[in-house]
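**Student:** Shown below is the structure under consideration.
Values in this text are rule-based calculations from the coordinates and carry no lab data. Given the structure is predicted, the values throughout are model-derived calculations rather than measurements. Using ideal geometry, Cβ is built from the backbone for each residue, glycine included, and neighbour counts are taken over all protein chains shown.
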Amino acid sequence: MENSIKIDKVSRRNKIIAKVFVYFFLVLFAVIILIPFYWMVLTSVKSMQDLTVTPPILFLPFDRWRLDNFQSALNAAPYLIFMRNTVIVSFLSTVGTIFTTIFAAFAFSRLNFKGRDTLFMILLSSMMIPGEMFVITNFITVSDLGWLGSNNVSQTYGDALKALSLPFMTSIFYIFFLRQTFRQIPNELYYAAKVDGTSDFKYLWRIMVPIAKPTIITIIILNAMGTWNAYIWPNLVTDNVNFRLVTNGLRTAYNQLSGQVIYNEQMAAALIVTLPLLIVFFLLKKYIMRGVSRSGIKG
Amino acid sequence: MLEEKNNLKAWLYLSPALVLLAVFTFYPLFNAFYLVFLKDFNYLLREFDGYTLLGNFSYVVRNPNFKQAMINTFFIVFVSVPVSVMIALFVSVALNSIKKLQGFFQTIYFLPYVTNAIAVGMAFAFIFHQDYGLINTFLGWFNVNPINWVGTGASWGNAMFSLLVYTIWGGLAFKIMIFLSGLQSIDKQYYDAARVDSTPRRRVFTKITVPLLSPMILYIVITSFIGAFKAYATVVGMFGVGLGPAGNPKSMITMVALVYDALEHTGSIGAISEAAAASIILFSITLLFTIIQMWVSKKRVHY
Amino acid sequence: MEIKLQNLTKVFQAKDKTETIAVNSLDITIPAGKLIGLLGPSGCGKSTTLYMIAGLLKPTEGKIFFGDEDVTEKAPEDRGIGLVFQNYALYPHMTVRQNIMFPLENLKVPKAEAMVRAQEMADLVGIGELMDRKPKQLSGGQQQRVAIARALVKKPRVLLLDEPLSNLDARLRLQTREEIKRIQRETGITTIFVTHDQEEAMSISDEIVLMEVGFKRQVGIPQDVYDMPENLFSAKFLGTPPINLFEGSIKEGKVTLFGGVIEKTKAKDIESCWIGIRPEGFLVDKEGPLELHIDMVETIGRDTSLVIKDEKNNTRSFRVIVDSSNRILPGDKVKFSVKPSKLFLFDKVTGEKLG
């Protein structure tokens, strides 16, 4: 009896030590994750004097924070124009994606047609193919369509928007993702609607889409985030600085290989690009995290 | 009625997606295999000088950057994937073992997923700055002299180390998320049974958690391998379009960068075909690795 | 509205081209204004039959008439049917009111009228105060009522119910089945419901249709089917505890079991046949022809259930239910006679009733 109480005490103490250790580890890891963000913010508010000190200042008192780096970042490149472009392209590609995805997912989950499974398998297996294989021809295609401008005609804004958004107006992955959600809707709902004379089109928009709303919101957010982070394609198809999207705009604004990089201004610019994303994340955390964990999407 | 085939209607519903996919996914796929066999393809004039079976592949292979790109890519793949999978596994197991603040930590750990690769790459470049960077400050506390990680003339090893740190950091969020949801779906009764048998912690981890999580681990490993083979934006984020520290350009070049490099010079003869060849090589390698992993996992994964 | 199924057949074809006959040449006439139970074990084709009546499945062969009208080729929405599903199939994102009004929307009923009709229907099924709730906020029984209200709101000619009670707990089931009976009486609508639960079917149906592997086995008033099974399947499927079956023979018009002559019959002599005796068909009778060795005794209130080992086959035992006023102990040897009305003879090959 005595002994078992002793063991109990020891094991409880061990448990507490283990708990403390786990929390310590998690906090440490959280710090590691947050450091780049902290460094970005800290650097962006440092004056040139505070920046060029060795060893660097790790904690800057609030009264020495400088916001003029943001002003000079905005002067160095038109971030507000980049953002406007990005918002427009996001909107176009998201609206396109949502419509094409909803219709296709409906066909795959609800309609019976010849070759359905074969077609679905082909689509699924093509998800494995790296996008780089498509980029080459897509570049030629948009250039043939005249959307990149030519030797004597420069690219118009409309052309740029088309070139930036059209190739991204559908996604096999989202079709697959939404089809999974659609398939979870019991067949009986469809039968019940049929008995009441509901057309397929009405059933899709009145019943399926509202039920799948969380998934559709997740798709909208991830797609918009994808546009915000897109670098390669916008870089290929836009030359005019006013047509750039935020990410490639940021990179081209600070592309010096050597010489004096103005780090505080650069970090201010990086923060301008990062902040809207973080705000969206904190507002719609639920949809983003649930969507990602459920589906394993790599954005 | 219900079991009737609705061919016309179905294709109508599919058509918007299929038209876009045909133009921007399937046609490009086949076209890549066509372009790669054109000899001296002049993109601007759309002329070519007959066909060649391996000519464009040999162009890619003989490209002075090819070897470097292969080395870098394989380095990124074989270091960053195992390390980040291991870290993610430990972190998610730790995270799963607590109740209080779990959501809070989860949110923080998810942040790298929603950030911009270029912007954060720039931040990392500055963290590794020789004079004003955080890493050297930290090392200074242990009397280590400042190291030139990513500055002008930085060595390949230093630059690669910095790139790997950034790559691993960036890849953790997604993996932790997937592992955590996998862990949460493991039936608690296995752990209760283990506790009744007073199984030590480490054995619980290796004998219960890892086997039951193995489908998730396989999924993560495969997707991470494919993702790591396509590393590019991280390099551009940290080193700019020079793809390397100043004074040592292209030292961080990757396989994907070969494709885009060729596309940057569409005017020069054969560049498009060279890009196609590079993309096909990339595709073949990722496909090969996926097949190998599937094959290996057949024996190792417990469903 | 009388419903007539004529030679109704449904063949399903699997991907590998193998065919399954789910419903086999069904001929049934369902009288107007009655509540009919389609009863059978799972896979007997009862749901397929219901879905064909609803128009959700197309018959491979045969015809369906509503009154004199051939509806075989008609779309579900043109048949004037209301359908209630096992899992209720309520639209989860809509309130009760929106759910009930949804069918009227398709019929282009003006909104004001639709509101009134939905409320009337909700009051009829007793959920009038729950109109603004979402399905998730309702109990199973309440959801069931919403589903019935939604099916009835467009004033269908026929109400079809697919396993309407199977998702409810025992107490609610009892209450709901009375409710269904009441609603059916009040509306006078011809109602067909599908179930695998004999008690459910027996308790509320005006008539039951017993089905097995796609065939109709027997049609009739529930008690009649129980009292006069036309074949082995009917006898076996109805009754709890189930009917006891023995191998026996008929010689010179006498039925012999365990060496005793238990009954006279007009049936022809047969070497071997099935003798079915309902558990309540045994009478304790000192003069009785059957002497049985009692193995176990379970007295539950009014009845005593005796478990008796089959003499011919020691691994099998059968059950006898007698009045609990009989004091019987395990190990006793008791003499029984058999009530003629509880004894049935079936052909061993065809399962058809003999005599």
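**Student:** Enter the angle in degrees (range 0 to 90, nearest 10) between the Cα long axis of helix C:170-187 and the first principal axis of the Cα atoms of chain C, meaning the one along which they spread out most.
**Tutor:** Once rounded, the angle reads 60 degrees.
**Student:** Right, something else. Per DSSP helix of 4 or more residues, -39500 (n - 2.57); summed, then divided by the residues of chain C. What does that give at 222 nm, rounded to the nearest 500? Don't jump to the answer; show the numbers that get you there.
**Tutor:** Working: 8 runs with 85 residues, N = 355.
Counting only the DSSP helices, I get -7000 deg cm²/dmol.
**Student:** Something else: Starting with the fewest neighbours, write out C:ARG117, C:ARG182 ranked by other beta-carbon atoms found within 10 Å of each beta-carbon. Mind showing how you got there, number by number?
**Tutor:** Working: C:ARG117 20, C:ARG182 14.
Taking fewest neighbouring Cβ atoms as first place, the list is C:ARG182, C:ARG117.
**Student:** Relative contact order (percent) for chain A, with alpha-carbon contacts under 8 angstrom and 6 or more residues of separation?
**Tutor:** Taking the mean separation of contacting Cα pairs over the length of chain A, I get 29 percent.
**Student:** Listing A:PHE106, A:PHE99 from the residue with the fewest other Cβ atoms within 10 Å to the one with the most, what is the order?
**Tutor:** Ordered from fewest to most neighbouring Cβ atoms within 10 Å, A:PHE106, A:PHE99 come out as A:PHE99, A:PHE106.
**Student:** Still on this model: Does chain A classify as rounded, prolate or oblate by the C-alpha gyration tensor (a ≥ b ≥ c root eigenvalues; a/c under 1.5 gives rounded; else a/b over b/c gives prolate, otherwise oblate)? Walk me through the numbers on the way to the answer.
**Tutor:** Details: a/c = 2.51, a/b = 1.10, b/c = 2.29.
Here chain A falls in the oblate category.
**Student:** Would you be so kind as to identify all helices of chain B, as entire DSSP H runs, whose Cα atoms reach 20 Å or more along the helix's own axis and whose mean Kyte-Doolittle hydropathy is at least -0.5? Don't skip to the answer; put the middle values down first.
**Tutor:** Working: long enough: B:81-96 (22 Å, 2.17); B:156-184 (41 Å, 1.19); B:210-229 (27 Å, 1.99); B:271-300 (43 Å, 1.14).
What comes out of the filter, once short or polar helices are dropped, is B:81-96, B:156-184, B:210-229, B:271-300.
**Student:** Further question: Holding the Cα-Cα limit at 28 Å, pick out from B:LYS5/C:LYS46; C:LYS236/C:LYS339; A:LYS213/C:LYS15; C:LYS34/C:LYS264; A:LYS19/C:LYS136 the pairs that are longer than that. Mind showing how you got there, number by number?
**Tutor:** Values: B:LYS5/C:LYS46 24 Å; C:LYS236/C:LYS339 18 Å; A:LYS213/C:LYS15 33 Å; C:LYS34/C:LYS264 38 Å; A:LYS19/C:LYS136 39 Å.
In this structure, A:LYS213/C:LYS15; C:LYS34/C:LYS264; A:LYS19/C:LYS136 exceed 28 Å between Cα atoms.
**Student:** Between B:ARG195 and C:MET228, what is the FRET efficiency for a Förster distance of 35 Å, r being their Cβ-Cβ separation, to the nearest 0.05? Display every interim value, and only then the final one.
**Tutor:** Numbers: r = 61 Å, r/R0 = 1.75.
Plugging the Cβ-Cβ distance into 1/(1 + (r/R0)^6) gives 0.05.
**Student:** Rounded to the nearest 500, what is chain A's calculated 222 nm mean residue ellipticity when only DSSP H runs of at least 4 contribute -39500 (n - 2.57) each, over all residues?
**Tutor:** Numbers: 15 runs with 209 residues, N = 299.
Value at 222 nm, helices only, nearest 500: -22500 deg cm²/dmol.
**Student:** Among all helices in chain A defined by DSSP H, which have a length of 18 Å or more along the axis from Cα atoms plus a Kyte-Doolittle mean of at least -1.0?
**Tutor:** Numbers: long enough: A:2-44 (62 Å, 1.04); A:79-110 (44 Å, 1.32); A:132-144 (19 Å, 0.94); A:213-229 (24 Å, 0.83); A:263-283 (29 Å, 1.68).
Helices meeting the span and hydropathy rule in chain A are A:2-44, A:79-110, A:132-144, A:213-229, A:263-283.
**Student:** Turning to a different aspect of this structure: When only Cα pairs under 8 Å and 6 or more residues apart are kept, what is the percent relative contact order across chain C?
**Tutor:** Values: 758 pairs, mean separation 54.7, N = 355.
Relative contact order of chain C: 15 percent.
**Student:** Rounded to whole Å, give me the distance from the Cα center of region B:75-101 to that of region A:73-106.
**Tutor:** Each part's Cα centre sits 33 Å from the other's.
**Student:** Of C:GLU19, C:GLU113, C:GLU230, which is the most mobile in a GNM of chain C whose springs link Cα atoms less than 10 angstrom apart?
**Tutor:** C:GLU19
**Student:** How crowded by other chains is A:107-119, given as the mean number of beta carbons from other chains within 10 Å of each beta carbon? Mind showing how you got there, number by number?
**Tutor:** Working: counts 10, 4, 0, 3, 9, 8, 9, 5, 3, 4, 1, 0, 4.
The mean count of partner-chain Cβ atoms within 10 Å per residue comes to 5.
**Student:** Could you sort the peptides C:240-248, C:298-306 by per-residue average Cβ neighbour count (10 Å cutoff), highest mean leading? All intermediate terms of the calculation are to be shown ahead of the outcome.
**Tutor:** Values: C:240-248: 16.8, C:298-306: 13.9.
In decreasing order of mean packing, C:240-248, C:298-306 become C:240-248, C:298-306.
**Student:** Under 8 Å for C-alpha pairs, at least 6 residues apart: give me the relative contact order for region A:2-69, rounded to a whole percent.
**Tutor:** Numbers: 21 pairs, mean separation 17.4, N = 68.
Answer for region A:2-69 is 26 percent.
**Student:** Same structure again: Rounded, prolate or oblate: which one fits the protein assembly as shown, using the alpha carbon gyration tensor with axes a ≥ b ≥ c (rounded when a/c is under 1.5, else prolate when a/b beats b/c, else oblate)? Intermediate values should be presented prior to the final figure.
**Tutor:** Numbers: a/c = 2.56, a/b = 1.99, b/c = 1.29.
In terms of gyration-tensor shape, prolate.
**Student:** Additional query: Averaged over A:229-236, how many beta carbons belonging to a partner chain fall within 10 Å of each residue's beta carbon?
**Tutor:** Across the residues of A:229-236, the mean count of other-chain Cβ atoms within 10 Å is 4.
**Student:** Please report A:VAL95, A:VAL195 as a ranked list, fewest other C-beta atoms within 10 angstrom at the top and most at the bottom.
**Tutor:** Values: A:VAL95 14, A:VAL195 28.
So the residues, fewest neighbours to most, are A:VAL95, A:VAL195.
**Student:** Take the alpha carbon gyration tensor of region B:59-300, find the square roots of its eigenvalues, order them as a ≥ b ≥ c, and report rounded if a/c is under 1.5; if not, report prolate when a/b exceeds b/c, else oblate.
**Tutor:** Details: a/c = 2.59, a/b = 1.48, b/c = 1.75.
Cα axes put region B:59-300 in the oblate bin.
**Student:** A follow-up question, please. Report, as an integer, the average count of C-beta atoms from other chains found within 10 Å of each Cβ along B:22-30.
**Tutor:** Details: counts 0, 5, 11, 13, 5, 4, 12, 5, 2.
The per-residue average across the peptide is 6.
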